[in-house]
Structure formats: structure tokens, C-alpha cells
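*Asks:* Submitted below is the structure of interest, expressed as C-alpha cells.
Bear in mind that the values in this text are calculations on the coordinates, not laboratory data. Owing to the predicted nature of the structure, the values given are computational and were not obtained by experimental measurement. Positions of Cβ are backbone-derived with ideal geometry, glycine not excepted, and every protein chain shown enters the neighbour counts.
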Amino acid sequence: MSPHDNSAMQAAAPAVLDRDCPQCSAKHTDAISLSHGSQEWPMVRCNRCNFIYLTRAPRYEELSTNLAWEKTSIIEDERRLADRPVSKRFSKATRWRMKILPRRKMPELLLSENAPAGIVVDLGCGDGGMMNGLDEKFIPGGVEISAELAHRANENFKTRGGACLHAPSVTGLRQIEAGTVSAVTLRSYLEHELDPLGVLHEIKRVLKPDGIVLIKVPNYGSWNRMVTGRKWCGIRLPDHLNYFTPRSLKDMAKIAGFKTRHGLTWALPTSDNMWAVLRHA
Ligand SMILES: [Zn+2]
């Protein structure tokens with residue numbers, strides 16, 4: 001596909017899925033509508049379990065395996081900025097997938113101090129660059145949906161005895177033997193995941209008895225969100241599908257069989273993001 005082949009870009013426009021509550025499966029039609037969403041991407045609070053989510057989602061899975069689409073969509077990004085706001089938003093989502101947006105340095109210390117030696121799996125690991133500072137007691141691993149990035153990550157991890165699986169997260173995790181993983185890291189990941197509870201269930205299965213899960217997500221309970229409303233940096237329609245508060249993250253983790261710990265400064269309402277460490281309950 002040529003970068004300037006507009007008809008091909010049109011043909012590759014992502015399809016949209018309807019979503020019910022990703023935590024309790026209650027129908028989205030029964031949920032309470034929230035003003036932070038849009039007509040195109042409605043945001044709701046589940047009537048049954050209070051989880052906040054988008055009721056529609058772009059179908060990224062098929063498209064993100066297509067490198068041509070990723071590359072061309074970024075090239076096209078500038079050109080289409082003015083008159084195609086929806087396409088622009090999809091391109092931003094792709095940028096996130098390719099880890100072009102700035103991300104904080106991995107909290108290597110936290111992993112070193114809390115996780116047993118062995119395999120660390122980074123979900124949505126991009127090209128694997130985030131794992132470069134990993135302590136020597138760990139073997140880097142990852143699951144990545146983009147074929148090209150998964151290949152690059154795999155080449156990177158191979159030098160340290162690890163591997164990257166090219167798959168959606170749940171499918172990738174299913175290929176890993178039960179009880180063999182020391183830590184799973186989800187940094188700026190779970191808010192994008194179509195099936196966050198399904199992912200946590202699979203993590204529960206692959207994690208060693210003393211293994212840990214390290215999560216960083218935007219904190220919907222932050223004061224900044226309450227003040228800035230729809231302009232809050234954690235609201236990205238439609239690439240942020242799930243909106244966690246410290247309470248709702250704990251609730252979902254509990255359903256998946258985990259207990260949640262926040263460090264003293266990890267989930268303050270003064271911060272736009274929160275960190276959590278999960279262990280087997
Ligand atoms: Zn629910």
C-alpha cells in the first residue's frame with residue numbers, strides 16, 4: 001500500500017465493536033451515561049458494578065498486525081489532520097501502539113525488590129526498549145500485537161534468553177505455561193485493553209505463587225480529572241476504553257483473584273496516574 005493511496009487508507013478504516021461491561025458483562029444499554037464521552041464514543045458507568053468504560057471500541061486487533069497500515073497512517077497523519085478528525089484519532093492510537101509517545105522509565109527497582117528471579121512479561125511491549133534496564137536476575141519477555149514491533153522485541157529479548165510473542169494479550173498469555181512467570185508489567189496498557197478482566201485472569205494463571213503484577217493506569221479519581229472534565233489527559237476517545245479509579249482497579253483485581261497494594265504515593269488524587277502491585281490473594 002502506497003502512503004499516498006488514499007482509497008487504500010479508506011478501505012483500512014477500523015471497524016467498531018459494541019462493548020458491554022468488561023467487568024460484569026451487564027448490558028451497556030442499562031448503564032448510566034457520563035458526560036465525559038461523546039456521541040460517537042459513549043462513556044458509561046455500569047449500573048451493576050460501577051465500572052466506567054466506553055461502549056464502543058475500534059477493532060484494532062486485525063489492523064495492528066498490518067505494518068503497512070501503521071507506517072502509512074503515521075505518514076498520513078499530518079496530511080489528514082485538518083479534515084479527518086476521526087482518522088487523526090486512530091493515528092494517535094497507532095502512535096501509542098508503536099511507543100512513539102513519551103513514556104516514563106520502567107520502575108526497575110520496584111521489580112527487583114518485589115519479584116522473584118525469572119521471566120518478566122511486558123504486555124504491549126512495543127519494540128521491547130522499556131525492558132532494557134531490567135535487572136540481571138530477570139529474563140525479558142513480552143506480548144505485542146504488532147508483527148513488526150514483536151519481531152524487534154523478540155530480537156532484543158533473545159540476547160538475554162527471552163522472547164516476545166506476536167499476539168493479542170489474552171492469546172499470547174495462553175501460550176505460556178501456568179505458574180512460570182515472575183512478574184507481568186502493564187504500563188499504560190490496561191486502559192486500552194478490550195478485555196481487561198480476561199487479561200487479568202490469564203495473568204493469574206501464568207504467575208508464580210510469589211509473582212507480582214505491576215500496573216500503571218490513568219487515575220479517573222484524580223482531582224485534575226474532576227476539575228478539567230473532558231479535557232483531562234486521561235480521557236482519550238476512543239483509545240482509552242477503560243477508566244479506573246483506585247477502587248475500581250482493586251475491585252477488578254479482586255474478581256481475578258488478586259490483592260492490590262498501592263505504595264504511599266502511588267494512587268494520590270493529586271496525580272493523573274496511579275501505580276499498583278498485585279499479588280495472588
Ligand atoms: Zn459491570
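*Asks:* Provide the FRET efficiency to the nearest 0.05 for the Cys24-Ala147 pair, computing r from the beta carbons and using R0 = 45 Å.
*Replies:* Efficiency, rounded to the nearest 0.05: 0.85.
*Asks:* While we're on this one: Pulled fully out, how much extra length does the chain show between Trp223 and Ser33, if you take 0.36 nm times their separation in residues and subtract their Cα-Cα distance?
*Replies:* 66.3 nm
*Asks:* Count neighbours as other Cβ atoms within 10 Å of each site's Cβ, and list the trypsin sites (Lys or Arg not before Pro) in the stretch 106-189 that are DSSP loop with at most 12 such neighbours.
*Replies:* Hits after loop and neighbour filter: nothing returned.
*Asks:* Scan around Phe258 for amide H atoms under 5 Å from its own, H built in the peptide plane at 1.01 Å from N, and keep only partners 5 or more places away or cross-chain.
*Replies:* Under 5 Å from the amide H of Phe258: Ala281.
*Asks:* Suppose R0 equals 41 Å. What FRET efficiency, 1/(1 + (r/R0)^6) with r the Cβ-Cβ distance, do Thr159 and Arg247 give to the nearest 0.05?
*Replies:* Plugging the Cβ-Cβ distance into 1/(1 + (r/R0)^6) gives 0.50.
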